[in-house]
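What follows is a set of notes on a single structure, which appears directly below.
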Amino acid sequence: METRDDAGYVPFGGGLLLQTADFFTPIVDDPYRFGQIAAANAFSDIYAMGGEPLTALNLVAFPCSLDLGILREILAGGQSRIEEAGARLCGGHSVQDEEPKYGLSVTGWVEEDRIVRNTGARVGDALVLTKPLGLGILTTALKRDLVSEAEIEDAVEVVSHLNRGARDALRDVGVSAATDVTGYGFLGHLSEMLE
């Protein structure tokens with residue numbers, strides 16, 4: 001019989017299994033880079049919990065009207081980050097949609113005594129950001145032709161990298177709480193942690 005702790009984590013071999021899913025629409029024009037960014041983003045939830053990614057499943061929505069070469073490039077970009085994370089691709093799921101979307105469902109593992117949750121922040125804690133804020137603003141500006149991809153290249157380069165180094169640092173320091181700042185933005189995630 002499966003047992004869960006009060007937060008819903010499943011004990012597994014002296015540790016806890018972690019599960020997450022994350023996908024979104026393209027934020028850059030280059031399909032390979034988009035695949036890298038989306039995959040790195042999906043791994044970030046596992047890393048924010050102090051975990052190690054084990055397996056990944058591709059999550060794809062793709063229009064029939066686009067060249068399948070674009071999809072191959074997106075998946076290749078994602079695969080590059082899956083391999084860098086040391087995880088194994090175990091398949092995935094695809095649907096036809098009017099707008100492309102890509103991401104991963106990731107299974108990870110963490111020792112029970114090393115789990116980091118998005119609750120538990122304490123008065124006096126220092127707030128540390130491992131990547132700069134503002135990518136959402138920049139990609140919105142890109143979509144509206146207010147900036148070029150060349151102008152936001154530094155930001156794109158940063159978000160395409162894995163947060164494994166940040167995970168290693170939070171383990172070394174022993175943080176009280178952590179989260180991956182994405183869809184809800186900085187203030188949304190901060191208010192969640194402060195509650």
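For segment 146-163, give me each residue that is closer than 18 Å to Ala38 by Cα and outside any helix (DSSP H, G or I).
Glu149, Ser160, His161, Leu162, Asn163
Within segment 131-142, identify whether any single residue is farther than 20 Å from Phe24 by Cβ, in a helix (DSSP H, G or I) and not basic (Lys, Arg), and answer yes or no.
no
Take segment 137-167 and flag every residue that is open to solvent by 40 Å² or more (accessible area, probe 1.4 Å), β-branched (Val, Ile, Thr) and under 15 Å from the mean Cα position of the chain (by Cα).
Listed by number, the list holds a single entry, Val158.
What about Leu71, is it under 14 Å from the mean Cα position of the chain (by Cα), open to solvent by less than 70 Å² (accessible area, probe 1.4 Å) and among the hydrophobic types (A, V, I, L, M, F, W, C)?
Taking the combined requirement at face value, the residue does not satisfy it.
Looking at Ala166 and the list (1) modelled with pLDDT of 85 or more; (2) assigned to a loop (DSSP other than H, G, I, E, B), which single condition is not satisfied?
(2)
Search segment 119-134 for residues that are in contact (Cβ under 8 Å) with a residue 40 or more places away in the chain and pair each with any residue that is open to solvent by 90 Å² or more (accessible area, probe 1.4 Å) when their beta-carbon atoms are under 8 Å apart and the residues are at least 6 apart or on different chains.
Thr119/Glu195; Ala121/Leu194
Find all pairs meeting these conditions: Cβ atoms under 8 angstrom apart; at least six residues apart or on different chains; first residue within segment 67-87 and outside any helix (DSSP H, G or I); second residue hydroxyl-bearing (Ser, Thr, Tyr).
Ala87/Thr55
The values are calculated or read from the model by the stated rules, or taken from the named source; none is laboratory data. On a predicted model such as this, the values are computed, not experimentally measured, just so you know. Note that we place each Cβ from the backbone using ideal geometry, even for glycine, and neighbour counts take in every protein chain shown. What goes into the accessible areas is simple: the full protein's heavy atoms, side chains included, and nothing from ligands, DNA or RNA. Shrake-Rupley method; radii C 1.70, N 1.55, O 1.52, S 1.80 Å.
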